[in-house]
Amino acid sequence: MRKSVQLFSSKKVAPYVFTAPFVITFIVFFLYPTISTIIMSFQRIVPGEAKFVGFENYRILFDKTFYKAVSNTVVFTFWSVFILVTLPILLSVLVNYSITKFKNPLKMFIFLPAVVSTVVGGVIFRQIFGELDTSFMNSILSKFSIPPQQWTMKSSTGMLLMVLLAVWRWTGVNMLYFMAGLQNIPNELYESADIDGANWPHKFLHITLPSLQPVIVFVVLISVSAGLKMFEESYVFWQGSSPMNIGLTILGYIYREGISFGNLGLGSAAGLILLMMILIVSVIQLKYFGLLGKEEQ
Amino acid sequence: MKKIISLLMVTILLIACISGCASENNNSQVPGESNSKQGTQQEQENGSEPTVLKMWIFNDVNLGYWDEMEKGYNKKNPDNPIDLQVETYPFEEMHNKLQIAIQSGAGAPDIADVEISKFPNFLRGDIPFADLTSIVEPVEDVFVKSRFHIYSKDGKVYGLPLHVGATVMFYNKDILAEAGVSSDDINTWHDFVEAGKKVKEKTGKPMFTIEVTDVFTFFPMIIQQGSDFFDKDGNVIVNNESNVKTLEFIYNMVHVDKIAIPTPGGNHHSEEFYSFFNQGGSAALMMPLWYMLRFVNYMPQIEGKIEIKPVPRWTEDGDRSAGMGGTGTVALKSSPVLDTAMSFLEYSKLSVEAQEAVWTILGFDPPRLDVWDSEVTRQENQFTEYFKQDIFAVLREVKDEIDSPNVVEGYAEMCDLVRQELMFSVISEQTKTPKEALDELASAINKYKQ
């Protein structure tokens with residue numbers, strides 16, 4: 001007994017014991033599924049049997065539907081990242097500005113959507129952007145003599161709806177990150193800039209933005225990975241089947257093939273492609289922002 | 001001190017582990033014994049212990065029906081009662097859970113409802129459902145047979161139908177009257193288009209709405225003519241001549257004769273359409289009979305103004321309906337109480353009592369034909385109140401004209417492509433001709449099936 005106690009508290013064993021929970025969850029919930037996804041992507045799976053079919057799934061996968069899913073996902077990611085970085089920065093600076101009135105109501109107003117589920121928000125968006133003349137958005141448009149739109153039927157307006165929903169939902173959260181970043185910028189910097197006669201755009205460009213750089217990197221990272229994994233924003237508008245696939249994302253494609261149609265092999269193949277994409281984009285980002293290999297320095 | 005604490009922790013962990021295992025052992029043995037003891041006691045006192053049947057469904061509207069069926073079965077079989085435990089899950093989740101339970105071989109229920117577009121997913125490889133042919137055969141002749149075929153493979157029936165899903169035409173009487181048209185004069189689709197022209201001319205309203213993001217316009221029209229997406233052997237025939245002509249006909253209704261429009265909201269289940277039709281936006285709507293519930297729930301303004309009629313024919317003696325949609329109830333062959341499950345299904349899905357309940361409780365058109373003449377169909381309910389007509393008179397009229405599609409592998413993918421691309425590109429965007437779009441659809445599905 002004494003020996004075992006010594007073993008547990010020894011410097012050799014203890015680290016393994018402490019890291020075990022992570023390692024075990026990693027193996028069970030990530031490594032094992034990944035390996036079995038790789039195997040399944042080369043199989044045709046029906047209840048009770050799985051047959052190896054070589055690259056058959058990949059042959060079926062690479063067609064215009066999948067390309068559409070990829071291009072939708074990329075376009076969505078671009079716009080959502082672009083807006084979800086610039087808008088929250090501006091808002092957080094505004095909220096941080098000393099002469100802004102009604103700061104707390106403003107903060108609450110912007111942050112509130114973050115606690116609403118995307119699905120609930122989406123249902124409301126769906127009603128606002130109905131295609132009848134009497135729907136909320138179309139009735140506003142008609143005041144400006146713009147003809148009513150079929151929002152969920154066209155590729156451009158469909159993308160607009162998805163980006164809008166994501167922006168509505170996440171602006172508050174990202175603003176929170178930037179506000180925390182702003183707290184860390186010493187006031188002295190602004191004071192000395194004042195003495196040097198800098199106006200506010202100068203201060204914003206040369207003090208605020210550079211100081212926020214680590215936060216921006218972080219927000220871009222999580223926004224890109226969230227954009228690539230987008231599913232709900234599309235699902236709430238079209239329930240998985242949109243006209244001409246204007247709302248199809250990679251995750252939507254995996255869901256449709258793997259779960260709705262039961263083609264687990266094809267779904268696995270698409271899942272692997274998504275994994276590759278996220279991996280490549282992440283490595284490029286980390287490399288570009290100089291976060292890779294930092295520990296050795 | 002530290003050592004003592006860590007020693008304590010380890011001991012506690014070990015004890016927890018061991019006692020956990022031990023209690024599991026206890027659990028698996030003792031209740032079994034006590035159950036059988038109780039069983040024998042009860043058997044001596046009042047018949048036997050009820051057999052527990054687990055069931056999964058995806059629509060809690062049906063709960064009342066199953067409750068009634070359990071009571072009815074137990075009344076008929078006092079010696080062999082059942083305890084039906086129905087669990088409702090959301091649509092996708094239930095089918096996913098079922099698929100996973102079957103794949104992993106654990107946790108599957110004894111009975112389950114499977115929706116028609118999901119059904120072919122389960123009929124591949126080793127079929128997990130019990131062969132129900134033996135209970136279907138004795139009564140097959142009094143049922144709409146095509147409703148068994150959709151849940152069959154290689155001549156064996158694996159699922160029992162919930163409803164017929166007979167497609168009918170709902171006319172708005174006010175609009176027809178305004179245009180001076182009578183629905184009695186509309187016998188063929190040609191008559192329908194002519195009537196549509198009058199409606200358009202007199203009222204300015206469209207006669208008809210075309211689903212561009214769902215299948216319920218194109219699909220029933222081709223089934224009516226004996227065509228389909230797939231033939232009996234599962235070959236793709238979606239681009240055959242008859243289907244191309246049908247799609248051209250739909251195209252002409254919208255863009256040449258201008259008597260129809262793409263459905264507001266894309267399909268007949270969108271909020272936009274409910275509001276549109278409720279306000280008298282168009283004169284006629286073609287949907288299966290189960291769509292009645294949407295009228296009752298979402299279109300109160302036109303209560304009493306709607307008339308249900310058979311769908312126009314394509315030829316002089318063509319069919320005037322088609323069986324659309326559906327849910328098949330299955331028994332899983334992995335069930336330890338399969339015999340009881342089958343006997344319960346025989347009562348709850350095929351008997352006269354059960355089929356009457358399909359109408360009285362659920363308001364669906366029961367697939368058992370002799371029920372259509374029964375007394376219960378004349379009783380008042382929310383549907384007779386809304387439509388103020390003998391709904392079954394329409395059904396009796398078309399009873400031999402209700403074909404159903406061939407549900408084979410690729411069916412779900414096909415419906416999905418029709419929903420997303422075919423109708424939208426041909427009717428709304430007009431980027432492809434009917435022939436082009438159907439050929440493309442056929443090759444897309446063939447790619448899957450190879």
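Values quoted throughout were computed directly from the atomic coordinates according to the rules given, and no laboratory measurement underlies them. Keep in mind the model is a prediction, meaning the values are calculated, not measured. Cβ: placed from backbone, ideal geometry, glycine included. Neighbour counts: every protein chain shown.
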Restricting attention to helices (runs of 4 or more DSSP H) lying wholly within segment B:109-187, give those where 3 or more residues are more than 27 Å from B:MET55 (Cα to Cα) and hydrophobic (A, V, I, L, M, F, W, C).
B:173-179
By residue number, the members of segment B:158-197 that are more than 15 Å from B:PRO312 (Cβ to Cβ) and crowded, with 17+ Cβ neighbours inside 10 Å are B:TYR158, B:GLY159, B:LEU160, B:PRO161, B:LEU162, B:HIS163, B:VAL164, B:GLY165, B:ASN172, B:ILE175, B:ALA179
If only one of A:LEU264, A:LEU248, A:LEU275 is touching a strand residue (DSSP E or B) at 6+ places or on another chain (Cβ under 8 Å) and either in contact (Cβ under 8 Å) with a residue 40 or more places away in the chain or over 22 Å from B:LEU441 (Cα atoms) (or both), which one is it?
A:LEU264
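Would you mention how many residues in segment A:34-64 are within 14 Å of another protein chain (Cβ to nearest Cβ) and within 13 Å of A:GLY267 (Cβ to Cβ)?
Just the residues of segment A:34-64 that are within 14 Å of another protein chain (Cβ to nearest Cβ), to begin with: A:36, A:40, A:43-51, A:53-64.
Then drop every residue that is not within 13 Å of A:GLY267 (Cβ to Cβ), which leaves A:36, A:40, A:43-45, A:57-58, A:60-61.
The total comes to 9.
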Selection from segment B:263-279 of residues that are at the interface with another protein chain (Cβ under 9 Å from one of its Cβ atoms) and either among the aliphatic types (A, V, I, L, M) or under 20 Å from B:LYS432 (Cβ atoms) (or both)
B:GLY266
Pick out, from segment A:199-297, the helices (runs of 4 or more DSSP H) lying fully within it that include 3 or more residues that are in contact with a helix residue (DSSP H, G or I) (Cβ under 9 Å, 6 or more places away or on another chain).
A:209-228, A:232-238, A:250-254, A:264-288
Give the residues of segment B:44-87 that are over 21 Å from B:PRO336 (Cα atoms), outside any helix (DSSP H, G or I) and of a type in the set (Phe, Trp, Tyr), sorted by residue number.
B:PHE58
Every residue in segment B:98-114 that is surrounded by fewer than 19 Cβ atoms within 10 Å (Cβ to Cβ) and more than 11 Å from chain A (Cβ to nearest Cβ), please.
B:ALA106, B:GLY107
For the list (1) in a helix (DSSP H, G or I); (2) surrounded by fewer than 17 Cβ atoms within 10 Å (Cβ to Cβ), I need the number of the one condition that A:SER145 fails.
(1)
Kindly state which helices (runs of 4 or more DSSP H) lie completely within segment A:1-103 and contain at least 1 residues that are among the hydroxyl-bearing types (Ser, Thr, Tyr) and surrounded by 13 or more Cβ atoms within 10 Å (Cβ to Cβ).
A:2-9, A:32-40, A:56-61, A:64-96
Mind checking which pairs have a first residue in segment B:310-337 that is under 30 Å from B:ASP126 (Cβ atoms) and a second that is of a type in the set (Val, Ile, Thr) and surrounded by fewer than 20 Cβ atoms within 10 Å (Cβ to Cβ), Cβ under 7 Å, 6 or more apart or different chains?
B:VAL337/B:THR51
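Conditions tested, residue by residue: (1) closer than 27 Å to B:PRO78 by Cβ; (2) among the acidic types (Asp, Glu); (3) part of a helix (DSSP H, G or I); (4) more than 17 Å from the chain's Cα centre (by Cα).
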{"position": "B:VAL296", "(1), (2), (3), (4)": "no, no, yes, yes"}
{"position": "B:THR315", "(1), (2), (3), (4)": "no, no, no, yes"}
{"position": "B:ASP319", "(1), (2), (3), (4)": "no, yes, no, yes"}
{"position": "B:GLY325", "(1), (2), (3), (4)": "no, no, no, no"}
{"position": "B:PHE344", "(1), (2), (3), (4)": "yes, no, yes, yes"}
{"position": "B:LYS349", "(1), (2), (3), (4)": "yes, no, yes, no"}
{"position": "B:THR360", "(1), (2), (3), (4)": "yes, no, yes, yes"}
{"position": "B:THR377", "(1), (2), (3), (4)": "no, no, yes, yes"}
